[in-house]
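Data block below; observations after.
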Amino acid sequence: MEPDEEGEWVWVRPPTEADSEFWGNGDNEDDKPSRPLKLVFTEPAKHWTDAAPIGNGRFGAMVWGNVPNETLQLNHDTLWTGVPGDYTNPDAPSVLSKVRKLVDDGQYAEATTAAFGLSDHPPEAYQPLGNINLEFDDSHLNYTSYVRELDLSTATVKIKYNLGDVEFTREHFSSNPHQVVVTKISSTKTASISFIVYLDSKLHHHSVANSANRIIMEGNCPRKRRPPKVELSKNSDGIQFAAVLDVQIAGNNAVVQVVEDRKLKIEGADWAVLLLAASSSFEGPFINPTDSKRDPTSESLNTVNSIQNLSFSQLLAYHLDDYLNLFHRVALQLSNGSDSLIHINHNTACDVNLYARRKLKSLKHDCLNGDVLVSTAERVNSFKLDEDPSLVELLFHYGRYLLISSSRPGTQVSNLQGIWNKDLEPPWDAAPHFNINLQMNYWPSLSCNLSECQQPLFDYIASLAVNGAKTAKVNYEASGWVAHQVSDVWAKTSPDEGDPVWAVWPMGGAWLCTHLWDHYTFSLDKEFLENTAYPLLEGCAAFLLDWLIKGPDPYLETNPSTSPEHKFVAPDGKTASVSYSSTMDISIIREVFNAIISSAEVLSKSDAELVKRIKTVLPKLPPTRISRDGSIMEWAKDFEDPEVHHRHVSHLFGLFPGHTITVEKTPDLCKAAANTLYKRGDIGPGWSTTWKMALWSHLRDSSHAYLLIKQLINLVDPDHEADYEGGLYSNLFTAHPPFQIDANFGFSAAIAEMLVQSTLEDLYLLPALPRDKWPRGFVRGLKARGGVTVNISWKEGKLHGARLWSKTQSSLRRLHYNGKVAAISLSYGKIYIFNQHLKCLKTTSIIEGVSL
């Protein structure tokens, strides 16, 4: 690597859908200056949830920012315990018959007990890769002017501090183009960079440093899901991994020495750049690691060798080009309507009235009086008082940042913790859960203009379909394919271990399949529908047709059936979880069947035998029912609910993310859905809170949706997290608690639903805008069904104007706002400009050189 003498680069890019230039500048004449999208920390991390996450989809790091002893905790998305498994149970059919008979006889508690026989083994567990450890001398204990920032606009973490009059800077990012984590350490004084660096891991590993300024760490994940307890050589049949750290330095008298055979000691450098590459022997869910032909060490060395001639600035430029193409597609600005400066109490000597002015700065955000920083944690703490809309903007974009950082084409799916995990036994194994969590991870991918980030989900569904066909055939003597409530990197499709209340739920794959049709409705990509979506939907529907059986009433039923993780009191007074035809079961099945019928119409397959069967079966599905108390019935019978404030709202699937309950077409069910949400209450884990935000948005109740924003923005103390329901950690990770990433994604999606809702033919503008909270603002770059990109501005709580654009011939037919409806027809390649009355004022062409 050549000495990095380019200086500061100014990044220039063509306009994107987030930029007013893209749309012609016409309706945003009163835009405020862009507010910095930065997470600010005024001290080093004390807990893992204080650290700043970076990632490139596959390779992640948590930057703690400690000064004398820094840690970058590392993850690689393919590091899991285990090997490919057998996800079948030959005894399941006989157990299934017994359970069904007990359900038919109304013996629900006994059926629940018998259903334990349908459960299988738990999923494997996601593993941490290791750590980059940096040790500086004791002079770094006396630092001042510390600030650590995660800049969402560049996907970089920067740490600055002073030792006397010398300023030290550390910069970190995870590069997708080059598949490395990059760190630069520099200062304002020559020859002042000295430190020791080494790698370690909680997994079995061996690390060695060499004279080529490199450290190579090799290790393996355990074959079984428990902490490793034997030597590497005796436990080498799990996934193998390697990490290579390359150190580049500058300075006339700078030196690098090997210390203790596994560490590198850098002395007297002007700057140092660290490049870390990692790889594993994972070749896919169907190949045993012992049969893998991959060489993780060679792959990691090749990665580092391939970028030896690139400077830090060049690596950063490639990183920005890649990242900004995704992140800068959407812009959001919310205003509380007050031009006065925001008053908040931070209990500091800082003049709090300078806080609003500081938000417009681009670098350190220092208070002018006393150089006091306002951390993001303090902003979260003050939200209940100031309701700062820029914090909502930050949290919205943070979800988009995390999705870009944890899910890219070719990677594994974003798991329960994205790609970030410090534990050998993480909570709930950090495994993808299919009864809300994995689906919520991908809710913002379409509406928030990140459709490429959804590709790992489709690859994963394809793997599930392979294993799921075996599970369906052996366990249920059914065709097609099935997946249950939880899985892992090996595409486990059998039920989880343990209680049927969560384990016996064969609807996980079906729910995932609704994302396939949704992707088509947003993109209108017929090739995707035909080659990817429809074959997977066909297999899913084939299983569902076999799973439905004749019940005692005129309708078909699912038996056994549960409502995820929720129990009921049976008529005999016993608590149970297994019955028949839960509302969520039927809602998901109806959604999949409708998707098949609609897909068949697009692909001219309506005469296919499967489609004919579905059209015959669809009217025989039980309707969504309303219970005696006016809420949506959760089960086929109006059972007593022993936990009315339960975290799941599964029976409202048809309202969101489903499409069978709408304000326009089913007002009675919408009223019952509102009663259900009131009954459930607002308190719950982070993911429950954001799901309820989206549900209230689809009921067009902006006040209640906003109330849940305030519910979520609540600072969690990691030392007492068990005392909280939901909330945010200081790094804005969302809490169950403990940390689960789903609510970060759910929040972004719910904000999008407050501003834009759509079907293939109808587009609703500002359907749940909290007009009194955000009376002015704009959003640019959100996506709607029908292949449309949306730009909306509003003033005094009312629509000011809208601009629509589509790459293809859009299917949209009607534009809606506040009860008004306008017929529209959108041709591809043109921008359509509408006023507050939904009148199309004119059309314009996309400017030349625009980034699409």
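The values are calculated or read from the model by the stated rules, or taken from the named source; none is laboratory data. Everything numeric here is computed off the predicted structure, so don't read it as measured data. Here Cβ is always computed from backbone atoms with ideal geometry, including for glycine, and neighbour counts include all displayed protein chains. For accessibility, only protein heavy atoms count, side chains too; no ligands or nucleic acids. Shrake-Rupley method; radii C 1.70, N 1.55, O 1.52, S 1.80 Å.
Descriptive notes on the structure:
- Hits in the stretch 214-235 - residues which are in contact with a Leu (Cβ under 8 Å, 6 or more places away or on another chain), outside any loop (DSSP other than H, G, I, E, B) and at pLDDT below 55: none
Each row is one residue, and each column tells you yes or no for (1) open to solvent by less than 10 Å² (accessible area, probe 1.4 Å); (2) over 17 Å from the mean Cα position of the chain (by Cα); (3) free of Cβ contacts under 8 Å to residues at least 12 places away in the same chain.
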{"residue": "745", "(1), (2), (3)": "yes, no, no"}
{"residue": "753", "(1), (2), (3)": "no, no, no"}
{"residue": "768", "(1), (2), (3)": "yes, yes, no"}
{"residue": "773", "(1), (2), (3)": "no, yes, no"}
{"residue": "776", "(1), (2), (3)": "no, yes, no"}
{"residue": "780", "(1), (2), (3)": "no, yes, no"}
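- Filtered residue count, the stretch 579-595, keeping only those that are assigned to a helix (DSSP H, G or I), open to solvent by less than 20 Å² (accessible area, probe 1.4 Å) and touching a His at 6+ places or on another chain (Cβ under 8 Å): 3
- Of all residues making up the stretch 545-556, the number that are open to solvent by 20 Å² or more (accessible area, probe 1.4 Å), at pLDDT 95 or above and in a loop (DSSP other than H, G, I, E, B): 1
- Strands (runs of 3 or more DSSP E) lying entirely in the stretch 736-805 (those with 1 or more residues that are within 23 Å of residue 337 (Cβ to Cβ), touching a strand residue (DSSP E or B) at 6+ places or on another chain (Cβ under 7 Å) and of a type in the set (D, E, K, R)): 776-784, 788-795
- Some residue of the stretch 609-622 being surrounded by 15 or more Cβ atoms within 10 Å (Cβ to Cβ) and assigned to a loop (DSSP other than H, G, I, E, B): yes
- Among the residues examined, residue 116 does not qualify as buried (at least 18 other Cβ atoms within 10 Å of the Cβ) and either without any contact (Cβ under 8 Å) to a residue 24 or more places away in the chain or among the aromatic types (Phe, Trp, Tyr) (or both).
- Listed here are the strands (runs of 3 or more DSSP E) enclosed by the stretch 79-186 that have at least 1 residues being closer than 30 Å to residue 237 by Cβ and of a type outside the set (Lys, Arg): 130-135, 166-175.
- In the stretch 58-89, of all residues being surrounded by 24 or more Cβ atoms within 10 Å (Cβ to Cβ) and among the small types (Gly, Ala, Ser), the one that is nearest to the chain's Cα centre (by Cα) corresponds to 60.
- Single match in 710, 692 (criterion: outside any loop (DSSP other than H, G, I, E, B) and surrounded by fewer than 22 Cβ atoms within 10 Å (Cβ to Cβ)): 710
- Among the residues of the stretch 507-528, those that are under 15 Å from residue 591 (Cα atoms) and over 18 Å from the mean Cα position of the chain (by Cα) comprise 507, 509, 510, 517, 520, 521.
Table: residues versus (1) farther than 30 Å from residue 811 by Cα; (2) modelled with pLDDT under 95; (3) open to solvent by less than 10 Å² (accessible area, probe 1.4 Å).
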| site | (1), (2), (3) |
| --- | --- |
| 543 | yes, no, yes |
| 559 | yes, no, yes |
| 569 | yes, no, no |
| 574 | yes, no, no |
| 577 | yes, no, yes |
| 597 | no, no, no |
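- Yes/no for residue 202 being surrounded by fewer than 20 Cβ atoms within 10 Å (Cβ to Cβ), over 21 Å from residue 58 (Cα atoms), touching a residue at least 60 places away in the same chain (Cβ under 8 Å) and charged (D, E, K, R): no
- Residues in the stretch 283-319 that are closer than 29 Å to residue 153 by Cβ and open to solvent by less than 20 Å² (accessible area, probe 1.4 Å): 304, 307, 311, 312, 313, 315, 317, 319.
- Checked against (1) polar (S, T, N, Q); (2) within 30 Å of residue 466 (Cβ to Cβ); (3) assigned to a strand (DSSP E or B), residue 298 passes all but a single condition, namely (3).
- Once the stretch 190-212 is narrowed to residues that are part of a strand (DSSP E or B) and polar (S, T, N, Q), the residue that is modelled with the lowest pLDDT is 210.
- Checked against the criterion of being of a type in the set (A, V, I, L, M, F, W, C), over 30 Å from residue 113 (Cα atoms) and under 30 Å from the mean Cα position of the chain (by Cα), the candidates 614, 632, 597, 589 yield just one match: 597.
- Selection count where residues are surrounded by 14 or more Cβ atoms within 10 Å (Cβ to Cβ), of a type outside the set (A, V, I, L, M, F, W, C) and out of contact with any Phe, Trp or Tyr (no Cβ under 7 Å at 6 or more places or on another chain), scope the stretch 801-828: 6
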